[in-house]
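Single-structure report; data block below.
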Amino acid sequence: MSALPLRAYAPSDDAPRPFLKWAGGKAKLVPEILARFPRRFGTYHEPFLGGGAVFFALGPRRAVLSDLNAELIATYSAIRDDVEAVIRALAVHAVSEEHFYSVRAASVAGLGNTAVAARTIFLNRTCFNGLYRVNSKGQFNVPFGRYANPKICNADNLRAVSRALQGVPIRHESVFTITPRVAAGDLVYFDPPYDPVSATSSFTAYAKTAFGKDEQVALAALCRELSERGAHVLLSNSDTPFIRELYRDCEVDTVHCRRPINARADRRGPVTEVLVRLPAGPRG
């Protein structure tokens, strides 16, 4: 396809930014993604919230945010509802390997959203490579990262994030439950766990349930259903033959992005991804 005119994207110093490091985060692709969004839409839906880079850049008037990761949703909810309490809770965390493993080992059962938020942010900012990964029991299992002086709490940004989240419903739910709340004219952006580009690069463990081939097929069906119902749909995924075949009848653009999260620094270079667009309305 011909190049699209990119929307101007130059966030001000006080604009909200992602407060978590997130594998697959979209900060570098924001201009490409915004260029493919319609100029006018109803409610913005983002059911794979993750680091929230697209939401923060878009700043929609109405939005519903969701994710299957319960601790992530608790974190966003806490920042929305009482950001000053989250900032105070972060102040008790010290950067040390001993403290890291003590916090990581502690159960989140029974913790309120504020304590969960402080724990999530602390572990994310101090773990190896800023990676969020859980095992089959839903337990965070990334090791300690050796940083010289990691910034645990950016209070100004957390306050900006809180302002952006005011009035926004934040839901802990599966992507496959969103259909009833998506209306004609709405905009839906999907950023699912990516289809692995090789047998050794599989990483779908953002939550305790994996997101494999069957889920990718079901998601493609959901994209088409929402598009047929009149919603604008955009999806990000890896550039693999499986994904290209799955969306063969859609508008598929190739984009290049640098992925900073990898165990090996020499493998953090540019990779190709795809942006799949399904315009609103019945398909021919």
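The lysines whose alpha-carbon is closer than 30 Å to the alpha-carbon of Lys151, local same-chain residues fewer than 8 away aside, are Lys21, Lys26, Lys28, Lys137, Lys208.
Per-peptide packing, taken as the mean over residues of other Cβ atoms within 10 Å, places 41-52, 169-180 in the sequence 41-52, 169-180 from highest down. Compute the whole-percent fraction of alpha carbon pairs in the chain spaced more than 33 Å apart. That tail contains 20 percent of the Cα-Cα pairs.
Comparing Leu234, Leu34, Leu165 in a Gaussian network model of the chain (Cα springs below 10 Å), the most mobile by mean-square fluctuation is Leu34. On the principal axes of its alpha-carbon atoms, region 81-209 has extents of 50, 42, 29 Å, going from largest to smallest.
Over the chain, DSSP H runs of length four or greater, each weighted -39,500 (n - 2.57), average out per residue to a 222 nm ellipticity of -9000 deg cm²/dmol.
Checking the a/c ratio against 1.5 first, then a/b against b/c, what shape does the Cα gyration tensor give for region 88-164? Oblate, because a/c is 1.5 or more while a/b does not exceed b/c.
The numbers here are math on the coordinates, done by the rules we state, and not lab data. The model shown is predicted, which means the values in this text are computed figures rather than measured ones. Glycine also receives a Cβ, built like all others from the backbone with ideal geometry; neighbour counts cover every protein chain displayed.
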